[in-house]
1. If each residue's Cβ is checked for other Cβ atoms within 10 Å, how do 47, 140, 220 rank with the fewest at the top?
2. Fully extended, how many nm does the chain gain between residue 74 and residue 53 (0.36 nm per residue separation, minus their Cα-Cα distance)?
3. What distance in nm separates the two pseudo spin-label positions at residue 214 and residue 31, each 7 Å out from Cα along the beta-carbon direction?
4. Which values, in whole Å and largest first, are the semi-axes of the equivalent ellipsoid of the stretch 155-248 obtained as the square root of 5 times each eigenvalue of the Cα gyration tensor?
5. Using 0.36 nm per residue, how much length does the chain from residue 86 to residue 116 gain when fully extended, once their Cα-Cα distance is taken away?
6. Within a 10 angstrom radius of the beta carbon, how do 215, 96, 247 rank from fewest other beta carbons to most?
7. Let's test the formula: R0 of 22 Å, r as the Cβ-Cβ distance of residue 65 and residue 94. What FRET efficiency results, to the nearest 0.05?
8. Compute the relative contact order of the stretch 155-248 as a whole-number percentage, counting only Cα pairs closer than 8 Å that sit 6 or more residues apart in sequence.
């Protein structure tokens, strides 16, 4: 009886010692197999600790590739919460360069599109990324800035002849002369919260002041005045003069 009890307790201790590493670390310590789910198809054996691959060479620590014409090189997935590293919610991928070189490079050797960033359902309430860098991003062509379309960011311009004909510009659709020295210029967009200015474009002593005021959400009224000539006669009287109008939003 004593001999049997001795071997029984010895077996219990051996079983406990043998099983504890797997109970604490799940799949840790198992070999990785190509073409299979690692460390096991059993979800309970998922790795509970980081798997580190450390290299010390002049190329890359690891390399992943796929020679298929429709297969990717790598895919990473996670279930990280909002806020990223600052909120102690590690992102799916984090790249840190401890020196002064680049942290990443993306190269698409063929095709006309480098990639895409999809965030939720998209729209104005989502952001593709944030940055604390305020320098110029060389080659970046942004269609929208601070919620405005590219065409809205550039100033609206109108070039109007003395007879009220719109010669050209940007964002202006019509111009008209309603009386001597009084014109209206209409723009495609709402200019309610914009700043505007006008300037006569003819030279000589008879070029006077140009006054600009808003009529409605899309229209400006422009008054051009005479300079009065060499003797000052008629100065500040309304007169027909060609002018430019600029609208800054």
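1. Values: 47 15, 140 6, 220 24.
Lowest count first: 140, 47, 220.
2. So the extension gain works out to 6.0 nm.
3. Going from the residue 214 label point to the residue 31 one covers 7.5 nm.
4. Square roots of five times the eigenvalues give 24, 12, 11 Å.
5. In short, 8.4 nm is gained.
6. By the 10 Å Cβ count, ascending: 96, 215, 247.
7. Efficiency, rounded to the nearest 0.05: 0.50.
8. 32
Read-outs throughout are calculated quantities, based only on the coordinates presented, and are distinct from any laboratory measurement. What you see is a predicted model, and the numbers here were worked out from it, not measured in a lab. Cβ atoms come from the backbone with ideal geometry, glycine included; neighbour counts cover every protein chain shown.
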